[in-house]
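Read-outs: derived from the displayed coordinates by stated rules, not from any lab. Remember, it's a predicted structure, so these values are computed and weren't measured experimentally. Here the Cβ positions follow ideal geometry from the backbone for every residue, glycine too, while neighbour counts run over all protein chains shown.
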Amino acid sequence: MDVAVGLVAQRSNERAQRLAARLVERLERLESHPADDDRDDESEGESDRNHPVVVDEATGDAVDAPAVPVDEMSDRDFVVSIGGDGTLLFVAREVGPTPILGVNLGEVGFLNAVVPADAVDVVTGLVDEYRETGSLDGRELTRLEATPVDDDWTLEPAVNEIVVHGPRRGHGGGATIEVSVDGDRYTASHADGALVATPTGSTAYNLSEGGPLVHPSADALVVTGMAASDGLPSLVVDPTATVRLVISDAETGFVISDGRNERQIEPPATIDVSVADEPITLVGPPGNFLESLEKLD
């Protein structure tokens, strides 16, 4: 069975590009093609699906392999993200439910569990597993979606958090933020904003705003106010809950998914945050959450 792999290397990172080149070489050597007389005739310009490995367009300038946009890797059997957590979040936005393996070139690596020295062995092991079983064992990570109550727009689902905040952070830039859970009001306060985070995202923006760490095995969401003047502490809620964030008393506001996808809104506005239908799937060895915490400043 042919196994189609996509490689995405962190932009402008020579170390990531060198590792991508090693993986391309190894994967192409692994690939065995049926004898010519057993294959259907193929026209020129064959589909990228017929290549054992493709790389993202930026990496294609440095690595000798077919290059495609990352969003076209969603038909791959799995995708390898080489970089930090930010690179993996980018890949997740582009390929959706396609399984992802994270190779860590960053310092902490909550999402990227594989060190570069082990990358070739882990990737080839996944290829062997897929050939034998036709699937990969993985672990699903919850994503969040923001739904406007009185408007019509969408954002890419978030692996880490959905943020609602006023026109700007800091003195004079906040708004009144009211938080409700399944229709019951929890708090309302003048604040820079509020966020809803997954367990994965508890170590990101949530932590920097004083929110709690949530173990990745926990089935929960956490709601945290951002520099609230008189708000209540962070609240951990059931993942089936709908968290409603109402922003008012500001000229403008923003809804942001994972710090990148952004929508400007006009207060008063109401945003519902809930678990998205499609999680992302990570494959390969799991990371050590508690060990990674020791690397945080």
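What shape does the stretch 92-155 take by its C-alpha gyration tensor, where a ≥ b ≥ c are the square roots of the eigenvalues and a/c under 1.5 counts as rounded, a/b above b/c as prolate, and the rest as oblate? Don't skip to the end; give the middle numbers.
On the way: a/c = 3.73, a/b = 1.81, b/c = 2.06.
Oblate shape, in that a/c is at least 1.5 and b/c is the bigger or equal ratio.
Please turn the phi angles of the stretch 57-73 into ³J(HN,Hα) values with the Karplus equation 6.51 cos²θ - 1.76 cosθ + 1.60 (θ = phi - 60°), one per residue in order, whole Hz, x for glycine and proline.
Values per residue, Gly and Pro as x: 4, 5, 6, x, 6, 10, 10, 7, 7, x, 10, 9, x, 4, 5, 8, 8 Hz.
Work out which helices of the chain, taken as complete DSSP H runs, extend at least 18 Å along their axis over the Cα atoms and score a mean Kyte-Doolittle of -1.0 or more, then list them. If you can, show how the numbers build up before the last one.
Values: long enough: 14-30 (24 Å, -0.69); 119-133 (21 Å, 0.05).
The qualifying helices are 14-30, 119-133.
With θ taken as phi - 60° and the coefficients 6.51, -1.76 and 1.60, list the Karplus ³J(HN,Hα) couplings across the stretch 138-154 in order, rounded to whole Hz; mark glycine and proline as x.
In residue order, the calculated couplings are x, 10, 8, 10, 4, 10, 10, 10, 9, 10, x, 7, 10, 8, 9, 7, 9 Hz.
With an 8 Å Cα cut-off and a minimum separation of 6 or more residues, compute the relative contact order for the stretch 144-275 in percent. Don't skip to the end; give the middle numbers.
On the way: 355 pairs, mean separation 41.7, N = 132.
Worked out over the stretch 144-275, it gives 32 percent.
Just from its helices, what would the mean residue ellipticity at 222 nm be for the chain, if runs of 4 or more DSSP H residues each count -39500 (n - 2.57) and the sum is divided by every residue, rounded to the nearest 500 deg cm²/dmol? Walk me through the intermediate numbers first.
Values: 6 runs with 56 residues, N = 297.
Taken over the chain, the calculation gives -5500 deg cm²/dmol.
Only counting other Cβ atoms within 10 Å, I'd like Asp85, Asp2, Asp277 sorted with the fewest neighbours first.
Values: Asp85 22, Asp2 15, Asp277 9.
Ordered by Cβ neighbours within 10 Å, fewest first: Asp277, Asp2, Asp85.
In terms of the Cα gyration tensor, with a ≥ b ≥ c the square roots of its eigenvalues, is the stretch 191-247 rounded because a/c is under 1.5, prolate because a/b exceeds b/c, or oblate? Kindly include the intermediate steps, with their values, before the conclusion.
Working: a/c = 2.19, a/b = 1.38, b/c = 1.59.
It is oblate, given that a/c is not under 1.5 and a/b is not larger than b/c.
For Ile280, Ile265, what ranking results if the residue with the fewest other Cβ atoms within 10 Å of its Cβ goes first?
On the way: Ile280 26, Ile265 19.
Going from least to most buried by this count: Ile265, Ile280.
Starting from the Cα-Cα distance between Asp150 and Ser135, subtract it from 0.36 nm times their residue separation and give me the gain in nm to one decimal. Walk me through the intermediate numbers first.
Numbers: separation 15, 0.36 × 15 = 5.40 nm, distance 4.14 nm.
Length difference between fully extended and current span is 1.3 nm.
Indicate, rounded to the nearest 5 percent, the antiparallel portion of the DSSP beta bridges found entirely in the chain. Working shown, then result.
Numbers: 50 of 67 bridges.
DSSP beta bridges in the chain are roughly 75 percent antiparallel.
Would you mind calculating the gained length between Asn261 and Val115 on full extension (0.36 nm times residue separation, minus the Cα-Cα distance), in nm to one decimal?
Answer, rounded to one decimal: 49.7 nm.
Which of rounded, prolate, oblate describes the stretch 144-275, given a ≥ b ≥ c as roots of the alpha-carbon gyration tensor eigenvalues and a/c under 1.5 marking rounded, otherwise prolate only if a/b is larger than b/c?
Working: a/c = 1.45, a/b = 1.26, b/c = 1.15.
Verdict is rounded for the stretch 144-275.
Spin-label point model (7 Å from Cα, Cβ direction): what's the Arg185 to Leu30 distance in nm?
5.7
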